[in-house]
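The values are calculated or read from the model by the stated rules, or taken from the named source; none is laboratory data. Everything quoted here is computed from the prediction, not taken from an experiment. FYI the Cβ positions are ideal-geometry reconstructions off the backbone, even for glycines, and counts take in every protein chain you see.
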Amino acid sequence: MHGRIWDNGFYAVHTVITEKEDIAKLKKSKYMQSYMGDTIARIGQMLEHGRKILFSGCPCQVAGLKAAIGDEDNLFTVDLLCGNAPSAGFFQKYLEDSFCGGIDGYEFRYKETVWNGTTVRVEMSKKQSLVLHGGAEDDYQRAYHNHTMCPRHCEHCRYQTLPRWGDITVGDFWGLAKHDKSLVNDRGTSAVLVNNEKGAWLMDQIPYSQIGQKKEVPLSWLGGNGFALSGRHNFASPYRDRFYGAVRKMPFSEAVDEAFFGGFEYV
């Protein structure tokens, strides 16, 4: 994400691309709710012209897309093992309160040192960057990873469970090392659920040479990833409502401190 805080350049926005060269626009993690805009209408128009479409988003967004235009033959969908997607307004306030002079770029899940870290990189200028490690150094992560900003509709999500809404489900394979350390590497390992015949067709289109390693494993290994398995449920932090009230009247970091009352230990 690039831009200036004051021109709203730091939102996550669904984008339609038609060229491989533009794929970088869709990469990277975004820990906030994305803006759909006219994406569904544009997809409908492209399908009417016979185009094949691959849509990726949270399971609720895939469900919304299918409710609007149906499950068309040329529409392929990928949903995410989603934890929660807070309002982008929280991120805007965090940026405005923390970097009032403006920034040039912001990268969640910065992977220069390790793929599975909770590290962000903030471009203060073209020559200066700030790397923040986890909730101990970054208040947005302190609130996000503990679901302190979790919206109520995410807390009671109806779309995370099986069967999935996407033809394929993807996400980081957290906890894999507990089952098979040989599948873990420093570039990251993904969990991929093939949910139907369309999903199987999509997987068959990927040349094996472009996959480092592929192995079918028990679904139970997924654990709490994305709260997809039976008996796994999303949650909101007990500090959420306190945070919601505090953030309306004080700077972001102070609101996080106020919500936790100093009695919270980040792990």
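Filtering the range 116-137 to residues that are farther than 19 Å from Y11 by Cβ and touching a strand residue (DSSP E or B) at 6+ places or on another chain (Cβ under 8 Å) leaves N116, G117, T118, T119, M124, S129, L130, V131, L132, H133, G134. For the residues V192, V170, V122, the requirement of being out of contact with any Gly (no Cβ under 7 Å at 6 or more places or on another chain) and either over 23 Å from Q61 (Cβ atoms) or of a type outside the set (A, V, I, L, M, F, W, C) (or both) singles out V122.
For the range 182-194, check the following and say yes or no: at least one residue is over 22 Å from the mean Cα position of the chain (by Cα), more than 23 Å from D79 (Cβ to Cβ) and either surrounded by 15 or more Cβ atoms within 10 Å (Cβ to Cβ) or not β-branched (V, I, T) (or both).
Taking the range 182-194 first, the residues over 22 Å from the mean Cα position of the chain (by Cα) are 182-183.
Okay, now just the ones that are also more than 23 Å from D79 (Cβ to Cβ), so 182.
Adding the requirement that they be either surrounded by 15 or more Cβ atoms within 10 Å (Cβ to Cβ) or not β-branched (V, I, T) (or both) leaves 182.
Looking through the range 182-194, at least one residue is over 22 Å from the mean Cα position of the chain (by Cα), more than 23 Å from D79 (Cβ to Cβ) and either surrounded by 15 or more Cβ atoms within 10 Å (Cβ to Cβ) or not β-branched (V, I, T) (or both).
Restricting attention to the range 159-177, the residues that are in contact (Cβ under 8 Å) with a residue 12 or more places away in the chain and either charged (D, E, K, R) or in a helix (DSSP H, G or I) (or both) total 4. Scanning the range 186-196 for residues that are in contact (Cβ under 8 Å) with a residue 60 or more places away in the chain and farther than 19 Å from A85 by Cβ yields a count of 3. Looking for something at pLDDT 95 or above, in the same structural domain as D71 (by TED's automatic domain parsing) and surrounded by 19 or more Cβ atoms within 10 Å (Cβ to Cβ) - is there at least one such residue anywhere in the range 169-177? Yes: the range 169-177 contains one or more residues that are at pLDDT 95 or above, in the same structural domain as D71 (by TED's automatic domain parsing) and surrounded by 19 or more Cβ atoms within 10 Å (Cβ to Cβ).
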